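Structure first, then comments.
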Amino acid sequence: MTPGSSKWLSGRGKAIAPYVFILPPLAYLAVFMFWPLARQMWLSLTDTRLTNPNGGSFVGLENYQWLFDDPEFYTTLNVTVLYAAVTVVLGVALGTISALAINRPFPGRPLARAIMLFGWAVPNVAASLIWLWMYNERSGVFNDMLASLGLDRVSWLTSTHMAFSSIVAVTVWQVAPFVMLVVLAALQSVPDEVREAARVDGADALSVFRAVTLPHILPSLQLVSLLVAVWSIRRFDIIYLLTGGGPIGSTSTLVVKIRQTAFESHELGVASAYGAIGLILALLVAFVHFVTDRRRQKWMAQ
Amino acid sequence: MFTRARRSFLTGAAALIATAATAMTLNASHAQEPVTLVIANSQWVDALRGKNLWNAVQQYQKAAPNVTLVQEAIPSAEFADKITTEMAAGQGPDIAMMQDGLFYTAADAGFLVDIGKAVEGVENLNATNDHGVVNGKRLGIAWQRAVYALIYNKPLVDKAGAKVPVNVDELIASSQAVHQATGAIGFISRHQVSDLTGFFMDFQNWAYGYGVNWVDSDGKLTIDTPEAVAAVTAFKKMYDARIIPVGDDFPTQRTRFKEAQVSFGIDNSGGTLNIASGAALAPGDLAAAPLPFQHPGAHQQIFLGVSTHSKHQEAAIDFLAWLVGPEGQAALREASGPDALATDVPVTEAFQAANPWAETFAELAKDSRSTLIPGYEVQTTQIMRVVMEAVERVLVADDDPQAALTRAQRKIDAKRF
Amino acid sequence: MTSTIALSIFRYVLIAALVAFAGFPIYWMASTALSANSELYSTGQVPWPQLQKLPELISAMAGVPIGRWLFNTFLIACGTTVLSLLLGSLAGYALSRFRFRGRGLVGFLLFMTQVVPEALILVPLYAMFITLGLLNNLMGLVLANVGFSLPVAAFILKSAMDSIPYEIEESAIIDNCPRFGILSMIVLPLIMPSVAAAAVIAFFAGWNEFLFASTFLMDRSLWPTSVGLASFIGQYETPLSAVMGAALLFSVPAIVFFLLIQRQIVAGLTAGAVKG
């Protein structure tokens, strides 16, 4: 081929190339994701009902005003933020500890690692079924174990004290394997020589961790925290199937409310308003991540 | 050769014959045109009755061989959401079996066609069809009506020497007695807002049993009436007595009853049919009694309606006409167990002999009330959410019933239903 | 010396605890599946899986078309994976290799998809599918799912491509190879582990998905396992052991697929994770 004959090398071709690549995926997302999303955001400014999705009239910020006036909205917001925060902290902690624990070889490691991935691999519907059964007050295995130890049976999913924690436990069970995988990958990149050198110098395990390991896995930890937080804001199946948002709204996150408002009260406008607030919340989380990331990069450059 | 007059006569005759012939062929082809009707029902997935009900419905194909009936099976938990979404988008089945709340929502949104033609000349429609007339138009006919009663495991109750209760105090006492004597669970009842539709419908038995009317004579929503407080207090008493398996969803509780692990329960005829069929509990061991309240209780009802988006409305209406006719009703009776139907077809003798409890349900069906609030049928679920969340606070957080209901009243007034 | 032994013991105990936490629910699923209703609801569940009950379990599940469900689930998962990888690699390559106007915006848009709850776009998507004739077929489900997993694939592949030096492509560019060819024949083979990682994530998204499947499908024969399993939970009763058996069958292929790929994933996420 003669140079310059391929359109990819001509001046204009070079400029077009990125757009040619990005266009199919973007066009796809525009149709199947952004257009429906934009439509819903528009709906949040109307009083549309589910039974007549095209027939709503513009009401401005009335839906949002209604939400801000509703005390239950703040409960929902609290639950969502708390849920995201706690699942991030516990999920990342558990996943990191798991990764650190199995990082070095030991007999049976492949089997152990395989089992520790179950939580993430099991589909939501199946996971909620088995946890529902294990949490069952009268016949579930957790209460059976407590009873055999002479302790009181616990209302795992029906008491306002325990329901939230029970949901968090299932979420952490699902999410920790993902964290573990990412952190394991990052740990592979920690140079062994540096770690050995530090240990030979007499540093104990904790200082080795802090000085050598942590900086290497910090970017992964941040990435994973962002993802877990954002996924928690969005998570629906597990919460809905286990508690339906109860008791007394103690496990009602924004997404549970979306479902309730859209399909029970049939108020699509208000449901979309809930959704918009969820999006804003996620943006805040992303912003925090972005700022922390910048700061960390500066710190590591020192 | 033909005179002008004869020619025009012949032309006219030919035209007439041609028109008549075309008309006849058109009619004939219209009648023989293959038509597919989609019927949506959550019962198609029911392990017990699904197949039997479908076979009953399929018998229509003998009467109308050009019609093919197709199932749209949707699990009950998603049924209302999905049908509403479908119909709102101009899609959905030709015919849908809709429970009370969904029926009124669909009627209110204009999704159902007038099916008056289906019941023209049908003399023996019973009262179950009354609520199918909305704003003067007949939009639904009864598929099944399931009334509530107090059911109990006779051997267990006899073994404990317990009395069949006629009020809540006796219910608690008898349940505890059976538990002491046999270790079985005393009572089953829904008690969680996460199962809102089921919970509020079941709770209406307690409410109506204590004489509650959720609307006053002026049609205003009245939640914090003394009767309502009494009903909630009674329910709380039952809950605190720890006779029900707290935290169990109702299918699990029903399964426990099936396993002969429960003495008493409040359930409708559909659920009871399932409990009585095929498991540790023999149908002869199951007995029914009136609800332990002063006033009559409630019933759940499923209506049949035809969608305005159906492309075969005529054919659908013909099907409904067959269904309320003697053939359809007979076929349906066999598969429906003890539920009340659109006409008064009595339960078969064989069924009656095997299921003595069915008689009590038939008695109670005479006075039972709809679970929906008159005048607020479409908004009942939303209104009852406020009420049941108040009840939940009473149960789980020990709120005072009067205070909780007063707060609920204020909330409902604010929402301007 | 003793501190090392103590540390080792501590480590093994920790691992045992973590494995127990992770694996117990699956173990209990098996135990429940192999229990009779009477055990579950009265005499107490037997703590170990009673393998002798296996024939009963199989007959209890005989009437359930779980084979059909798993097949549909598999189709949906594969379709989601293929399309996500295809479009994701295009997006990843563009973001990795080119500095173009709107690059930041594109990254932001891809991120935003991860926040959108399915319930939020359900209704407009449903309306759109009616117009496009995509209701009641598995392809429609794939198209709905890919919206969520495409950006994840793009991000994973972009990170991996970032660590491949550009020089490798330069010689091919000088030789006038079309960019698409460079992507498919040079770059992707080098980041196969990341491709595997992205594949698994997309596969699971498709395997697990429930809401769209339950809303967009009419025919029972098209039900994936998620919808089938949910339908199994009756209004009137929960056949618990059969449900658990079905749940196990639903989980096991995902787990197996996962195990086969896991080594690839660990290596795959290495390529990009450190660079962040």
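Select from the stretch C:83-107 the residues that are more than 8 Å from chain A (Cβ to nearest Cβ), touching a residue at least 12 places away in the same chain (Cβ under 8 Å) and of a type in the set (G, A, S) and write down the one among them that is surrounded by the most Cβ atoms within 10 Å (Cβ to Cβ). Per the criteria, the residue is C:G92. Residues in the stretch C:44-62 that are of a type in the set (G, A, S) and closer than 20 Å to B:A280 by Cβ were compared, and the one that is surrounded by the fewest Cβ atoms within 10 Å (Cβ to Cβ) is C:S59.
Residues checked against (1) under 21 Å from the mean Cα position of the chain (by Cα); (2) part of a helix (DSSP H, G or I):
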| site | (1), (2) |
| --- | --- |
| A:G245 | yes, no |
| A:S250 | yes, no |
| A:F287 | yes, yes |
| A:R294 | no, yes |
| A:K298 | no, yes |
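Taken as a whole, the structure places A:V212 among residues that are hydrophobic (A, V, I, L, M, F, W, C), more than 19 Å from A:D293 (Cβ to Cβ) and surrounded by fewer than 24 Cβ atoms within 10 Å (Cβ to Cβ). Within the stretch C:8-43, restricting attention to residues that are at the interface with another protein chain (Cβ under 7 Å from one of its Cβ atoms) and at pLDDT below 90, the residue that is nearest to C:P239 (Cα to Cα) is C:N37. In the condition set (1) part of a helix (DSSP H, G or I); (2) under 27 Å from A:T80 (Cβ atoms), A:S159 is compliant with all but (1). Could you look through the stretch C:75-130, keep only residues that are of a type in the set (S, T, Y) and part of a helix (DSSP H, G or I), and pick out the one that is farthest from A:F21 (Cα to Cα)? Across the stretch C:75-130, the extreme among qualifying residues is C:Y126.
Could you list, in sequence order, all residues of the stretch C:204-240 that are away from chain A (no Cβ under 11 Å) and farther than 22 Å from C:L132 by Cβ? Once the filter is applied, which keeps residues that are away from chain A (no Cβ under 11 Å) and farther than 22 Å from C:L132 by Cβ, the stretch C:204-240 yields C:R220, C:G234, C:Q235, C:Y236, C:E237, C:P239.
Screening B:F103, B:F79 for residues that are buried (at least 22 other Cβ atoms within 10 Å of the Cβ) and in contact (Cβ under 8 Å) with a residue 40 or more places away in the chain leaves exactly one candidate, B:F103. The criterion of being small (G, A, S), in a helix (DSSP H, G or I) and either crowded, with 24+ Cβ neighbours inside 10 Å or within 29 Å of the chain's Cα centre (by Cα) (or both) does not hold for B:G186.
Beta carbons closer than 7 Å, at least 6 apart along the sequence or on distinct chains, pair a first residue in the stretch B:153-174 that is acidic (D, E) with a second that is part of a loop (DSSP other than H, G, I, E, B) for B:E170/B:K163; B:E170/B:P292.
Of everything listed in (1) more than 14 Å from every other protein chain (Cβ to nearest Cβ); (2) at pLDDT below 95; (3) surrounded by 16 or more Cβ atoms within 10 Å (Cβ to Cβ); (4) over 29 Å from B:A288 (Cα atoms), the single unmet condition for B:T360 is (4).
Checked against the criterion of being surrounded by 15 or more Cβ atoms within 10 Å (Cβ to Cβ), assigned to a helix (DSSP H, G or I) and more than 24 Å from the chain's Cα centre (by Cα), the stretch C:146-165 has at least one qualifying residue. Taking the stretch C:241-276 as the search range and keeping residues that are modelled with pLDDT under 60 and surrounded by fewer than 17 Cβ atoms within 10 Å (Cβ to Cβ), which one is farthest from the other protein chains (Cβ to nearest Cβ)? Looking at the filtered set, the residue picked out is C:K275. Residues that are within 25 Å of C:I130 (Cβ to Cβ) and hydroxyl-bearing (S, T, Y) within the stretch B:105-129 comprise just one, B:T105. For the stretch B:104-127, residues that are within 13 Å of chain A (Cβ to nearest Cβ) and not charged (D, E, K, R) total 8. Any residue at all in the stretch A:127-138 that is surrounded by fewer than 24 Cβ atoms within 10 Å (Cβ to Cβ), charged (D, E, K, R) and at the interface with another protein chain (Cβ under 7 Å from one of its Cβ atoms)? So far as the stretch A:127-138 goes, yes, one or more of its residues are surrounded by fewer than 24 Cβ atoms within 10 Å (Cβ to Cβ), charged (D, E, K, R) and at the interface with another protein chain (Cβ under 7 Å from one of its Cβ atoms). For the stretch B:363-409, a tally of residues being within 12 Å of chain A (Cβ to nearest Cβ) and either in a helix (DSSP H, G or I) or not acidic (D, E) (or both) returns 21. When B:G110 is tested against (1) of a type outside the set (S, T, Y); (2) modelled with pLDDT of 90 or more; (3) at negative phi, only condition (3) is not met. With respect to the conditions (1) assigned to a loop (DSSP other than H, G, I, E, B); (2) among the hydrophobic types (A, V, I, L, M, F, W, C); (3) at pLDDT 90 or above, C:C177 falls short on a single one, namely (3). Residues in the stretch A:90-117 that are part of a loop (DSSP other than H, G, I, E, B) and without any contact (Cβ under 8 Å) to a residue 12 or more places away in the chain were compared, and the one that is nearest to A:V230 (Cα to Cα) is A:R104. Screening the stretch B:218-306 for strands (runs of 3 or more DSSP E) wholly inside it with 3 or more residues that are buried (at least 22 other Cβ atoms within 10 Å of the Cβ) and in contact with a Phe, Trp or Tyr (Cβ under 8 Å, 6 or more places away or on another chain) returns the ranges B:262-268, B:298-306. Examine the stretch C:21-43 for a residue that is buried (at least 21 other Cβ atoms within 10 Å of the Cβ), of a type in the set (G, A, S) and outside any helix (DSSP H, G or I), and state whether such a residue exists. The answer is yes, given that some residue of the stretch C:21-43 is buried (at least 21 other Cβ atoms within 10 Å of the Cβ), of a type in the set (G, A, S) and outside any helix (DSSP H, G or I). In the set A:T76, A:T87, only one residue is within 14 Å of chain B (Cβ to nearest Cβ), closer than 24 Å to A:G275 by Cα and outside any loop (DSSP other than H, G, I, E, B); that residue is A:T76.
All told, B:A73 meets the bar of being at the interface with another protein chain (Cβ under 8 Å from one of its Cβ atoms) and in contact with a Lys or Arg (Cβ under 6 Å, 6 or more places away or on another chain).
The values are calculated or read from the model by the stated rules, or taken from the named source; none is laboratory data. If you're wondering where the values come from, they're calculated on a predicted model, not measured in any experiment. Reconstructed Cβ throughout: ideal geometry from the backbone, glycine too, with neighbour counts over all protein chains shown.
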